[in-house]
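Student: Here it is, the structure in full.
The values are calculated or read from the model by the stated rules, or taken from the named source; none is laboratory data. In this text the structure is predicted, and so the values were computed from the model without any measurement. All Cβ positions, glycine included, derive from the backbone under ideal geometry; neighbour counts span all protein chains shown. All accessible areas refer to the heavy atoms of the entire protein, side chains included, with ligands and DNA or RNA removed. Shrake-Rupley method; radii C 1.70, N 1.55, O 1.52, S 1.80 Å.
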Amino acid sequence: MRKFFGTDGVRGTANIHPMTADMALRIGAAVGRYFRRDAGGVHRVVIGKDTRLSGYMFESALTAGLTSTGMNVLLLGPVPTPAVGLMTRSMRADLGVMISASHNPAEDNGIKFFGPDGFKLSDQAEMEIEALIEAGVEPAQAKNIGRAKRIDDARFRYGERVKSSLPRDIRLDGIKVVLDCANGAAHRTAPEVLWELGADVVPLGVAPDGTNINRGCGSTQPEAAAAAVVAHGADVGICLDGDADRVIMIDETGQVADGDQLMALLAGRWAQAGQLSKDTLVATVMSNLGLERHLQGQGLHLERTAVGDRYVVERMRAGGFNLGGEQSGHIVMSDYATTGDGLMAGLHMLAAMVQTGKAASDLLRQFEPVPQLLQNVRFAAGQTPLEVASVQDAIRDAEAALHGKGRLLIRKSGTEPLIRVMAECEDEALLNATVAEVAAAVEAAAN
């Protein structure tokens, strides 16, 4: 069991363990030692961040820890998470670090790591790093301390890479796009990329102040963007999250479409073009049963993984697949990127509009979802509500009630102190009842 790492790095409330400056210093030293195993040669790490106020603190602390082990640090400033994966590989760095809590509120922050290949670290690597964090590491000799340098053009390099994933003849002239950047890492890059491709951009969430990331905006709160699409008569809306590794789409009527619908669209188009590797899409256990049925109807396959885009990527790499993602909006196109990329996925949706001449509402309703209900129950530190007998009894009863009619999924969040209770069933009354009963049992055990 990992003590500090969750499903996507280390995450928590800023200035509360484990997200303290002292802990970031120790993490930086540990991961620096882990990736700088030999005494010779030049070793470098790239660090990106989103727009949270605490990002300054963690950037400085990580830099101190990393340079103390002899790593040279290249500071990218505010960039999307996929840019860190890209720059780690393109700059031949030993390590990439992204300081972000993704879709979480501004008071939270997190630290995610990418290996020299640009992909997120494995569970085994994270466990070995945790051992170094706890044991402490020997600093480098004074003459071997690393340097730090700012890289000023990181977001431009990333923008060019994103545009290059589209066919060269694709232009977005005449398409009006409401673009919600969640006051986050893509607040400059995303509007610039869309404008350069010819789109008429209506920007939202592009005025970060360190405290407003994801607040009333972005992929987890798309209501403002949906209203703006209708008010401006836009053709489509694109909602990114705080670090721009996920996207939620909105059609011209203001209807919100999740990652499942976008994955269904891309999988079908790629399969028709002979581009979908092994006719398979990789998604998590959270993806709707309707997606699976839709793919089966097209002769395509769905591989399911644990929740977390890095588990999706691991399965893609192991199986030789090139398209995957999550219902929450992580879309991974491994021909072009090493992790979920919200802006890139949004651009490929716009390309589909251009190439087919169809409206967003026609493209983003690929299948009829099976009714799905998700309820989150918060618990306090140290509590283990899923181990309580009354909760286990409630889960067994719910599974029995849904047998042959739907499915139940209970999981502990890897990024927040939440138990997620999710069920799918055509019978909505049964769906509501089973979720409510399990959630009530969890809540009682957590109080």
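Student: Leaving ligands, DNA and RNA out of it, report the carbon-plus-sulfur percent of the accessible area of region 301-447 at a 1.4 Å probe.
Tutor: Numbers: 3030 of 6220 Å².
Summing carbon and sulfur atoms, their accessible area is 49 percent of the total for region 301-447.
Student: Amide H to amide H under 5 Å from A101: which residues, 5+ apart in sequence or cross-chain, H placed 1.01 Å off N in plane?
Tutor: Counting only residues 5 or more places away or on other chains, the set is G110.
Student: Also, quick follow-up: Beta carbons within 10 angstrom, averaged per residue: use that to sort the peptides 256-265, 390-399, highest first. It would help to have the intermediate numbers written out before the result.
Tutor: Details: 256-265: 24.6, 390-399: 16.6.
Packing proxy ranking, top to bottom: 256-265, 390-399.
Student: Compute the projected area of the convex hull of the Cα atoms of region 17-84, averaged over all viewing directions, and report it in nm² to one decimal place. Don't skip to the end; give the middle numbers.
Tutor: Details: hull surface 18.3 nm².
Orientation-averaged projected area of the Cα hull: 4.6 nm².
Student: Roll a 1.4 Å probe over the protein heavy atoms and report the accessible area of S68 in Å², nearest 10.
Tutor: Counting only protein heavy atoms, the figure is 40 Å².
Student: Please report Rg over Rh for region 201-360, where both radii come from the alpha carbon positions and Rh follows the Kirkwood definition.
Tutor: Details: Rg = 15.5 Å, Rh = 15.9 Å.
Using only Cα positions, Rg/Rh for region 201-360 is 0.97.
Student: Distance between Cα centroids, region 294-309 to region 258-281: provide it in whole Å.
Tutor: Centre-to-centre distance over Cα atoms comes out at 10 Å.
Student: Taking every pair of alpha-carbon atoms in the chain, what share in percent sits in each 10 Å bin, from 0 to the bin with the longest distance?
Tutor: 5, 21, 30, 27, 14, 4, 0
Student: Which of the lysines could a cross-linker span from K163 if the Cα-Cα distance has to be under 26 Å and same-chain partners fewer than 8 positions apart are dropped?
Tutor: K49, K112, K120, K176, K278, K358
Student: Looking at L363, P385, G346, which one has the Cα that reaches farthest to the positive end of the dipole of region 289-421 (charges on Cβ: Lys, Arg +1; Asp, Glu -1)?
Tutor: P385
Student: May I pose another question? Would you please give the FRET efficiency between M127 and S60, computed as 1/(1 + (r/R0)^6) with r the Cβ-Cβ distance and R0 = 35 Å, to the nearest 0.05? Don't skip to the answer; put the middle values down first.
Tutor: Values: r = 27 Å, r/R0 = 0.76.
Working from the Cβ atoms, E equals 0.85.
Student: Another question about this same structure. Relative to the Cα centre, what is the charge dipole magnitude of the chain, using +1 at the beta carbon of each Lys and Arg, -1 at the beta carbon of each Asp and Glu, and rounding to the nearest 20 debye? Mind dumping the intermediate values first?
Tutor: Working: 44 positive and 55 negative charges, 325 e Å.
The calculation lands at about 1560 debye.
Student: Could I ask something else about it? Among R161, R2, what's the order by accessible area (1.4 angstrom probe), most exposed first? If you can, show how the numbers build up before the last one.
Tutor: Values: R161 85, R2 60 Å².
Result of the area sort, largest leading: R161, R2.
Student: Assuming R0 = 41 Å, can you tell me the calculated FRET efficiency for the pair A359 and K412, based on Cβ-Cβ distance, to the nearest 0.05?
Tutor: On the way: r = 40 Å, r/R0 = 0.98.
Once the sixth-power term is evaluated, E becomes 0.55.
Student: Right, here's the next one. May I ask you to give the solvent-accessible area per residue for region 248-317, in square angstrom, as obtained with a 1.4 angstrom probe?
Tutor: In whole numbers, region 248-317 has 37 Å² accessible per residue.
Student: Ignoring solvent entirely, what values of log10 I(q)/I(0) come out of the Debye formula for region 1-115 at 0.11, 0.21, 0.23 Å⁻¹ when each Cα is a single scatterer?
Tutor: -0.30, -1.13, -1.34
Student: Restricting to bridges with both residues inside region 1-115, how much of the DSSP beta-bridge set is antiparallel, in percent to the nearest 5?
Tutor: 50 percent
Student: Would you mind working out the magnitude of the charge dipole of region 117-180 relative to its Cα centre, with +1 at each Lys and Arg C-beta and -1 at each Asp and Glu C-beta, to the nearest 20 Debye?
Tutor: Numbers: 12 positive and 13 negative charges, 137 e Å.
Computed charge dipole of region 117-180: roughly 660 debye.
Student: Can I ask one more? With no solvent and one equal point scatterer placed on each C-alpha of region 88-166, evaluate the Debye formula and give log10 I(q)/I(0) for q = 0.13, 0.20 Å⁻¹, two decimals.
Tutor: Cα-only, vacuum Debye calculation for region 88-166: -0.63, -1.27.
Student: Further, regarding this structure: Which Rg and Dmax, in Å, describe the Cα atoms of region 315-447?
Tutor: 18.9, 56
Student: How much area per residue is accessible in region 118-185 when the probe is 1.4 Å and only protein heavy atoms are counted (Å²)?
Tutor: Values: 3740 Å² over 68 residues.
Dividing the accessible area of region 118-185 by its residue count gives 55 Å².
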